[in-house]
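The next block holds one structure in the form of structure tokens; read it before the comments.
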Amino acid sequence: MKIINILVFISLLFVSTQAFSHSKLIASTPAKDAQLSISPEQVELEFNREVRLLKLEVQQVDADKIDISFKPTMDKSTTFAVVVPTLSPAGYQVNWLAMGGDSHKMKGSFDFVVSDAAS
């Protein structure tokens, strides 16, 4: 009986740990460190669990943020796509902030490059 109680406790501990694990970014388009020959039409983020996307910024490296007209909503999703204007050849950084179902905030960033198609 003692062994059964221990096994039940361990299995409940494992299940509760899985239920409360944090959300994380699992994919993006453009991908981290991507070298693009043309400007992307949008930035896409994919998470392993539903989150609320609170902030998304695109910034040319060593320059100002680019207006992408992102507005956070209370909607939860695993994927988000935000249209971006045509980006000139340069290096860019995407910064994001999201809130998971457990109210845990997470942030991240990744870079990509749009190269001059003529070169």
Under 20 Å from residue 76, Cα to Cα: aspartates and glutamates that are on another chain or at least 8 residues apart: 44, 46, 50, 57, 102
Can you list the lysines whose alpha carbon sits under 25 Å from that of residue 71, skipping same-chain ones fewer than 8 residues off? 24, 32, 55, 105, 107
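Where the convex hull is taken over the Cα atoms of the stretch 24-114, what is its projected area averaged over directions, in nm²? Intermediate values should be presented prior to the final figure.
Details: hull surface 21.3 nm².
Projected area, direction-averaged: 5.3 nm².
Since every read-out is calculated from the coordinates, none of them should be taken as a lab result. Since the structure is predicted, the reported quantities are computational estimates derived from the model, not experimental observations.
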